[in-house]
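J.: Quick one: structure below, then a few questions.
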Amino acid sequence: MKYVVMIFRSVDREWTAEDEAALKRLIALEQELASSGELISSEGLVPPEQGRIVQLRDGRQVVTDGPFGEAKEQLAGFFLIDADDARAQSIASQVSAAVGDRVELRGTLISTGMPDALR
């Protein structure tokens, strides 16, 4: 089954030496998961102020530069993995330990058996 492990970061934090160490731990974990065949993809994301909202309004594309909203935390990166439920939780725990904070683990809709009503 496929899962996304989402890593969040406070929007007002400065990059620190501990963040650099966490990044090294994440890269090591990424290599371990790639070697085991459990990693599908992983990426860190640029800060929200470098993002854009893209939407279609009245048939026209509208692009709005960031930052967006007043959220205290933003998605900072993710791991897309292929593992059974227990292993996915174990991997999420490793990611959490690497970043020193909580992470969110979610199964992907199709791999968890999307209900026919949503198809």
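J.: With +1 on each Lys and Arg Cβ and -1 on each Asp and Glu Cβ, how big is the dipole of the chain about its Cα centre, in debye rounded to the nearest 20? Walk me through the intermediate numbers first.
T.: Details: 13 positive and 20 negative charges, 67 e Å.
Using Cβ point charges on Lys, Arg, Asp and Glu, the chain gives about 320 debye.
J.: Extension gain Arg52-Arg13, at 0.36 nm per residue separation less the Cα-Cα distance, in nm? Spell out each step's value before the answer.
T.: On the way: separation 39, 0.36 × 39 = 14.04 nm, distance 2.07 nm.
Full-extension gain reported as 12.0 nm.
J.: Rounded to the nearest 500 deg cm²/dmol, what is the calculated helix-only ellipticity per residue at 222 nm for the chain, with -39500 (n - 2.57) per DSSP H run of length n ≥ 4?
T.: On the way: 2 runs with 35 residues, N = 119.
For the chain, the value works out to -10000 deg cm²/dmol.
J.: Please work out the FRET efficiency for the pair Ile110 and Arg60, using the Cβ-Cβ distance as r and a Förster radius of 25 Å; give the result to the nearest 0.05. Could the numbers behind the result be given before it?
T.: Details: r = 31 Å, r/R0 = 1.25.
The pair Ile110/Arg60 has a calculated efficiency of 0.20.
J.: With loop defined by DSSP as not H, G, I, E or B, and exposure as at most 14 other Cβ atoms within 10 Å, which is the longest segment of the chain clear of exposed GluC sites (Glu not before Pro)? Could you put the intermediate results ahead of the total?
T.: Working: sites that count: Glu14, Glu70.
That gives 15-69 as the longest site-free run.
J.: Over the alpha carbons of the chain, what is the largest minus smallest coordinate on each principal axis, giving the biggest first in Å?
T.: Computed over the Cα atoms, the extents are 47, 47, 22 Å.
J.: If you take the square roots of the eigenvalues of the alpha-carbon gyration tensor of region 75-119 and sort them as a ≥ b ≥ c, do you get rounded (a/c under 1.5), prolate (a/b over b/c) or oblate?
T.: Working: a/c = 3.31, a/b = 2.02, b/c = 1.64.
Here region 75-119 falls in the prolate category.
J.: Ok, one more. In the chain, if the dipole is taken from +1 on Lys/Arg beta carbons and -1 on Asp/Glu beta carbons about the Cα centre, which of Ser35, Val46, Gln61 is farthest to the positive end?
T.: Final value for the positive-end residue is Gln61.
J.: Let me ask something else. In the Gaussian network model of the chain, springs joining C-alpha atoms below 10 Å, which of Leu109, Leu75, Leu56 carries the largest mean-square fluctuation?
T.: Taking springs between Cα atoms under 10 Å, the residue moving most is Leu56.
J.: What residue among Gly59, Gly51, Gly77 shows peak mean-square fluctuation when the chain is described by a Gaussian network model with Cα springs under 10 Å?
T.: Comparing Gly59, Gly51, Gly77 in the GNM, the peak value goes to Gly59.
J.: Can I ask one more? Under 5 Å between amide H atoms, partner at least 5 residues away or on a different chain: which partners does Gly51 have, H built in plane at 1.01 Å?
T.: Those lying under 5 Å, H to H, from Gly51 are Gly66.
J.: Once amide H atoms are built 1.01 Å from N in the peptide plane, which residues 5 or more positions from Asp101, or in another chain, come under 5 Å H to H?
T.: So Asp101 has HN proximity to no qualifying residue.
J.: Restricting attention to region 57-114, which trypsin sites (Lys or Arg not before Pro) occupy a DSSP loop and are surrounded by at most 14 other Cβ atoms within 10 Å? Please list the in-between numbers first.
T.: Values: sites: Arg57, Arg60, Lys72, Arg87, Arg102, Arg106; in loops: Lys72, Arg102.
Taking region 57-114 and a limit of 14 other Cβ atoms within 10 Å, the loop trypsin sites (Lys or Arg not before Pro) found are Lys72, Arg102.
J.: With springs only between Cα atoms under 10 Å, which of Val11, Val62, Val46 fluctuates most in a Gaussian network model of the chain?
T.: Result for the chain, Cα springs under 10 Å: Val62 fluctuates most.
J.: For region 1-71, which chymotrypsin sites (Phe, Trp or Tyr not before Pro) are in a loop by DSSP, counting at most 11 other Cβ atoms within 10 Å?
T.: Values: sites: Tyr3, Phe8, Trp15, Phe68; in loops: Trp15, Phe68.
Answer by residue number: Trp15.
J.: Would you mind checking which residues have amide H under 5 Å from Ala76's amide H? H placed 1.01 Å from N; only 5 or more apart, or other chain.
T.: HN-HN under 5 Å from Ala76: Ile7, Phe8, Arg9.
J.: Applying 1/(1 + (r/R0)^6) with R0 = 22 Å to the Cβ-Cβ distance of Lys2 and Asp101, what FRET efficiency is obtained, to the nearest 0.05? Spell out each step's value before the answer.
T.: Details: r = 23 Å, r/R0 = 1.05.
Working from the Cβ atoms, E equals 0.45.
J.: Further question: May I ask for the net charge around Leu23, where only other residues with Cβ less than 13 Å from the Cβ of Leu23 are counted and Lys, Arg are +1 while Asp, Glu are -1?
T.: Values: positive: Arg9, Lys24, Arg25; negative: Glu18, Asp19, Glu20, Glu30, Glu43.
Within the 13 Å Cβ shell, the charges total -2.
Every number here is computed from the coordinates shown, using simple stated rules; none is lab data. Just so you know, these numbers come straight off a predicted model, no measurement behind them. FYI the Cβ positions are ideal-geometry reconstructions off the backbone, even for glycines, and counts take in every protein chain you see.
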